[in-house]
Amino acid sequence: MLKKSALKKSILLSFASLALYGAVVTNSANAADEQTLSLEGTNWQLVKLTVLGGFVFTPADPGAYVLNFRSENRLTGESDCNSITGAWQQDSTTLRFEPFGATRELCSPGSLHNNLVLYLRDTQTFQLVDGKLFLHTSTAGVEIEFESRD
């Protein structure tokens with residue numbers, strides 16, 4: 001029969017071992033997630049744009065608003081009647097578009113171009129959830145939601 005102090009030490013060692021095992025498994029899973037989060041080679045079309053005040057805009061034609069994450073950090077795309085070009089920089093879930101440019105054609109009424117370009121320039125982080133790409137800016141409440149074109 002184990003003494004009380006020996007039993008306590010045994011229990012504490014068991015909990016410490018479980019905690020260490022959990023930390024190793026969690027760190028391995030996080031490392032694997034970060035590897036799969038690369039945006040390179042992916043193509044997205046706009047589903048929804050949520051702006052200041054909680055106003056939500058959905059495009060009549062999602063295919064008119066496209067982001068393409070090319071190799072060597074090149075960004076291409078379309079924003080209604082305009083083209084998007086630039087570069088993208090990703091570090092884990094941090095995302096920046098620098099430099100970022102868009103042509104300045106005047107699109108038809110109802111276009112989401114002006115709002116989309118304004119908020120894309122300010123992108124700071126992203127999430128991939130259930131096959132959708134969510135971009136977040138420094139402005140609280142602003143969210144840009146894309147779905148895969150692949």
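Here is how the numbers come out for the structure above:
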| item | result |
| --- | --- |
| Close pairs (6 angstrom Cβ cut-off, 6 or more residues apart or separate chains): touching a residue at least 12 places away in the same chain (Cβ under 8 Å) and farther than 18 Å from residue 66 by Cα in the range 139-150, hydrophobic (A, V, I, L, M, F, W, C) and assigned to a strand (DSSP E or B) anywhere | none |
| Complete set of residues in the range 109-131 that are assigned to a helix (DSSP H, G or I) and in contact (Cβ under 8 Å) with a residue 60 or more places away in the chain | 115, 116, 119 |
| Qualifying positions in the range 113-150 - basic (Lys, Arg) and either exposed (fewer than 13 other Cβ atoms within 10 Å of the Cβ) or over 17 Å from residue 43 (Cβ atoms) (or both) | 121 |
| Residue satisfying condition, being closer than 13 Å to residue 116 by Cβ and at pLDDT 90 or above, within set 87, 60, 64 | 64 |
| Complete set of residues in the range 94-108 that are aliphatic (A, V, I, L, M), buried (at least 18 other Cβ atoms within 10 Å of the Cβ) and free of Cβ contacts under 8 Å to residues at least 40 places away in the same chain | 102 |
| Hits in the range 54-93 (condition: surrounded by fewer than 17 Cβ atoms within 10 Å (Cβ to Cβ), touching a strand residue (DSSP E or B) at 6+ places or on another chain (Cβ under 7 Å) and part of a helix (DSSP H, G or I)) | 62, 63, 73 |
| One residue from 101, 110 being over 19 Å from the mean Cα position of the chain (by Cα) and more than 19 Å from residue 59 (Cβ to Cβ) | 101 |
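The values are calculated or read from the model by the stated rules, or taken from the named source; none is laboratory data. All values derive from a computational prediction rather than experimental measurement. All Cβ positions, glycine included, derive from the backbone under ideal geometry; neighbour counts span all protein chains shown.
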